[in-house]
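The structure appears right after this line, and notes come after that.
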Amino acid sequence: MPVTLFDTHTPLAPLRAEILERISEVVEDSRFILGPNVGAFEREFADYVGARHAIGVANGTDAITIALRAMGVGPGDEVIVPSFTFYASAEAVPPTGATPVFCDIDLDTFCVTADTVRAALTPRTKAVIVVHLFGNVAPVAEIEALGVAVLEDAAQAAGSTSQAGRPGSLGTAATFSFFPSKNLGGFGDGGAITTSDADLADRVRMLRFHGSRDKVTYEHIGYNSRLDEIQAAILRVQLPHLDAWADGRRAAARHYAQAGLGELVALPVAVAGCDPAWHLYVVRDPRADALAAALDAVGIGNKPYYRTPVHLQPAMSAYRTAVELPATEEAARTHLAIPMSAVLDAEQAAEVTEAVRAASEDRPRTVLASGRDGG
Ligand SMILES: Cc1ncc(COP(=O)(O)O)c(C=O)c1O
């Protein structure tokens, strides 16, 4: 029985009629740009994450550039960012005029830590982009304790929780993506910035709107980057279901553990005190490409998302330094995303686990040791 890498269709099916009705209301109302749904979604999303303000923008990449600029990042500054992440986390830095400086991750959680950030700090560091990768929640307070401002890249962490609060409420500001495959996904591009700092929120609102409050006086070189009214209407229907979908993802992770997947490959580890809404379920295996080929052969969805880490991408050659990123390179070489969704059930998890077991029969039975244990 094939299992797809992700399933956004099944959870949305019961909401289809309501979503179509909301879209048709927007068409009828004809306020397509910054209309009532954007304003209402911004309030509802801010309440959901536990921040005072949410500002809708065109996508999660613009969100990072705009948030950094609103935090005062500009030419001559350095911004620390992990290299094991989606390319956009770092790509969004140079448009501010600042330089991305890559830092390493913790191999078990795939997230940055206070130690990996400390190793990249210089007197020019203005901010750190802390990526809550795969839905895990990086230790923001420990990183802020180094005395540096934190921008959370929460594109993959909508629905996750931590003892300190939800992603989006932990740093100076946070950014989200509503790309269709995300935990909270629209029917096109979309993004948001959350913050509890009223002045920062004010600057973000101006920057997303050509650097203007009123389209009469232009105070900054800004952007045309707004969350679309139709996307906001769609996201408003979905938001009340996000927690149940996140619980479905957590249940899927438990199904994998119960099926014995951890005896075959290294499972992702939640950061202490957090409960991830696994956006992607990413395991590690010394022969990840051979495992991928074996899963392909039996119709089990899989994907090596970041085989080439960002610092080794051609466009980033100007920003490479002598700093070594051993955990990043190990994660890049050994990771593989396997099926994960809000509706992945025990039977499907057992099916995937059996396929991994069959694939590992011709391979050495060594499960990758934990990075934390020094393995
Ligand atoms: C970690 C991370 N950061 C940033 C982005 C950029 O978001 P978008 O595709 O909405 O520009 C994404 C998603 O695509 C992402 O996964």
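Quick note: the coordinates plus some simple rules give every number you see, no bench work behind them. Quantities reported herein were computed from a predicted structural model and do not represent experimental measurements. We place every Cβ from the backbone using ideal geometry, glycine too, and count neighbours over all the protein chains shown.
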Practice problem: Could you tell me whether region 222-375 comes out rounded, prolate or oblate from its Cα gyration tensor? Rule is a ≥ b ≥ c as square roots of the eigenvalues, rounded for a/c under 1.5, then prolate if a/b exceeds b/c, otherwise oblate. | Solution: oblate
Quiz item: How many nm separate the modelled label positions at Tyr87 and Ala17, each set 7 Å beyond the Cα in the direction of the Cβ?
Solution: 4.3
Self-check item: Gain on full stretching of the segment that runs from Glu44 to Leu312 - 0.36 nm per residue minus C-alpha separation
Solution: 92.6 nm
Practice problem: Calculate, in nm to one decimal, what Arg124 and Met1 gain on full extension: separation in residues at 0.36 nm each, minus their alpha carbon distance. | Solution: 38.9 nm
Quiz item: With each label point set 7 Å from Cα along the Cα-Cβ vector, what nm distance links Ser181 and Asp197?
Solution: 3.3
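State whether region 139-205 is rounded, prolate or oblate according to the following rule on the C-alpha gyration tensor (a ≥ b ≥ c being the square roots of its eigenvalues): a/c under 1.5 gives rounded; otherwise a/b larger than b/c gives prolate, and the remaining case gives oblate.
Here region 139-205 falls in the oblate category.
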Quiz item: Charges only on Cβ, +1 for Lys and Arg, -1 for Asp and Glu: so what's the dipole of region 51-177 about the Cα centre, in debye to the nearest 20?
Solution: 360
Quiz item: So, how do all the Cα-to-Cα distances of region 1-105 break down into 5 Å bins, in percent, from 0 on up?
Solution: 2, 10, 12, 13, 15, 16, 12, 10, 7, 2, 0
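Which of rounded, prolate, oblate describes region 62-134, given a ≥ b ≥ c as roots of the alpha-carbon gyration tensor eigenvalues and a/c under 1.5 marking rounded, otherwise prolate only if a/b is larger than b/c?
Cα axes put region 62-134 in the oblate bin.
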Practice problem: For Val323, put the label point 7 Å out on the Cα→Cβ axis and report which residues of region 53-82 keep their amide N under 17 Å from it. | Solution: 74, 76-82
Exercise. Could you point to the residue in Tyr256, Gln238, Tyr218 farthest towards the positive end of region 144-301's charge dipole, with +1 and -1 charges on the Cβ of Lys/Arg and Asp/Glu respectively?
Key: Gln238
Practice problem: List the extent of the Cα atoms of the chain along each of their three principal axes, largest first, rounded to whole Å. | Solution: 69, 54, 37
Quiz item: What is the extension gain from Arg213 to Glu347, computed as 0.36 nm multiplied by their sequence separation minus the C-alpha to C-alpha distance, in nm to one decimal?
Solution: 42.9 nm
Practice problem: Please identify which residues in region 281-322 have an amide N closer than 19 Å to a label point set 7 Å out from the Cα of Glu361, following the Cα→Cβ vector. | Solution: 287, 290-300
Quiz item: What spacing in nm lies between the two simple spin-label points modelled at Val27 and Gln258, each 7 Å away from Cα in the Cβ direction?
Solution: 4.4
Quiz item: Taking GluC sites (Glu not before Pro) that fall in a DSSP loop and have at most 11 other Cβ atoms within 10 Å as cut points, what is the longest piece of the chain between them?
Solution: 1-323
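What dipole magnitude, in Debye to the nearest 20, does the chain give about its Cα centre under +1 on Lys/Arg Cβ and -1 on Asp/Glu Cβ?
500
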